[in-house]
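The structure under discussion appears below in the form of structure tokens.
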Amino acid sequence: MKELYMSILSGLKRDDSKVEAPKDTLGGGYSVLPSDAYTALVKMAYLGKSTGGAAFIDFEFKLDNDSTHKERIYISSGDAKGNSNQYERNGKKYYLPGFIVADDIAAVTTGHLLADQNDSVEDKIIKVYDFDAKGEVDKEVPVITSLIGKKLKLGIRKVKEFKRKEINGQWKTIDEVREFNEIDKVFDEDGFTVLEKFEQNDEPEFIEQWVDRNKGKEKDLTKNKKPEVSGTAGSGSGSPLKPKKGLFDK
């Protein structure tokens, strides 16, 4: 199994000569956390693929407030779009936002990018939630062991959006909302971004800007929008849920 996913990671190398490089920008019981920067420990990180062929990493983090954050982060497009870590807009290529988040997590915790983690992918049997069984079951998955147990800081945002429901074979937004958390920015344990580490800055600066912009605020995706279908009850979809030279070495 791990050989399949190792080939996926190998295909996620960066080529900033053709793709717009990411920048440090301030983009505009289950308990939803308030937006803030949290110190986190990586408890689990394993690879998977959607039915459409899109590759993802299921992350589980233990946060400094003793809460747990789980998030499925897609690192490539599906089969129909070439299983790429890029997309095109207005004639320019960009990396998928999920790929950037996962790539940054690998970089700040190991000093190497996601495409360089193949040596640490191991098939392991862990507890995984199964929707058919409506509970956790034992399942063999390819785990990125190099990330497990590493500490970092995560800029986590609280997000509100309309729920979606399948109606006549199409997914439509309905007039119910859901709130959830998503990782917006990644920092190392000392608060440096990948770019700040790469440039070997003396002090982290962007994390303070990110916190000033986002702490305690909600990203409202319903603002000035209407659901596609009104008066329809339904359930929301989506996630609840030989030493190499390091990237930052001189």
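The values are calculated or read from the model by the stated rules, or taken from the named source; none is laboratory data. None of the values given here were measured: they were computed from a predicted structure. A quick note on method: Cβ atoms are made from the backbone with ideal geometry, for glycine too, and the neighbour counts reach across all protein chains shown. Heavy atoms of the whole protein, side chains included, go into the accessibility calculation; ligands, DNA and RNA do not. Shrake-Rupley method; radii C 1.70, N 1.55, O 1.52, S 1.80 Å.
Observations on the model:
- Considering the conditions (1) β-branched (Val, Ile, Thr); (2) assigned to a strand (DSSP E or B); (3) open to solvent by 30 Å² or more (accessible area, probe 1.4 Å), residue 57 is excluded by exactly one of them, (3).
- Single residue of region 77-101 satisfying the filter (of a type in the set (Gly, Ala, Ser) and out of contact with any Ser or Thr (no Cβ under 6 Å at 6 or more places or on another chain)) that is farthest from residue 194 (Cα to Cα): 80
- Among the residues of region 170-207, those that are out of contact with any Asp or Glu (no Cβ under 9 Å at 6 or more places or on another chain) and closer than 21 Å to residue 31 by Cα comprise 176, 184.
- Once region 89-116 is narrowed to residues that are of a type outside the set (D, E, K, R) and in a strand (DSSP E or B), the residue that is farthest from the chain's Cα centre (by Cα) is 94.
Okay, residues lined up against (1) modelled with pLDDT under 95; (2) not acidic (Asp, Glu):
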| site | (1), (2) |
| --- | --- |
| 25 | yes, yes |
| 36 | no, no |
| 58 | no, no |
| 84 | yes, yes |
| 98 | no, yes |
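- Filter pass, residue 177 being closer than 20 Å to residue 110 by Cα and of a type in the set (Val, Ile, Thr): no
- Exactly one residue among 167, 105, 126, 156 is open to solvent by less than 70 Å² (accessible area, probe 1.4 Å), more than 30 Å from residue 37 (Cβ to Cβ), of a type outside the set (Ser, Thr, Tyr) and touching a strand residue (DSSP E or B) at 6+ places or on another chain (Cβ under 8 Å), and that residue is 167.
- Filtering region 208-226 to residues that are closer than 15 Å to residue 180 by Cα and among the β-branched types (Val, Ile, Thr) leaves only 222.
- Leading residue by the ranking (most open to solvent (accessible area, probe 1.4 Å)) among those in region 42-54 that are part of a strand (DSSP E or B) and among the hydrophobic types (A, V, I, L, M, F, W, C): 44
- Checking the stated criteria, residue 17 turns out to be surrounded by fewer than 18 Cβ atoms within 10 Å (Cβ to Cβ) and modelled with pLDDT under 90.
- The set of residues in region 67-96 that are more than 20 Å from residue 127 (Cβ to Cβ) and surrounded by fewer than 16 Cβ atoms within 10 Å (Cβ to Cβ) comprises 79, 80, 81, 82, 87, 88, 89, 90, 91, 92, 93.
- Looking only at residues in region 144-153 that are out of contact with any Asp or Glu (no Cβ under 9 Å at 6 or more places or on another chain) and over 16 Å from residue 183 (Cβ atoms), the one that is surrounded by the fewest Cβ atoms within 10 Å (Cβ to Cβ) is 149.
- One residue from 132, 175, 119 being more than 16 Å from residue 60 (Cβ to Cβ), in a strand (DSSP E or B) and modelled with pLDDT under 95: 175
- Residue check, residue 187 within 20 Å of the chain's Cα centre (by Cα), surrounded by 13 or more Cβ atoms within 10 Å (Cβ to Cβ) and of a type in the set (Phe, Trp, Tyr): yes
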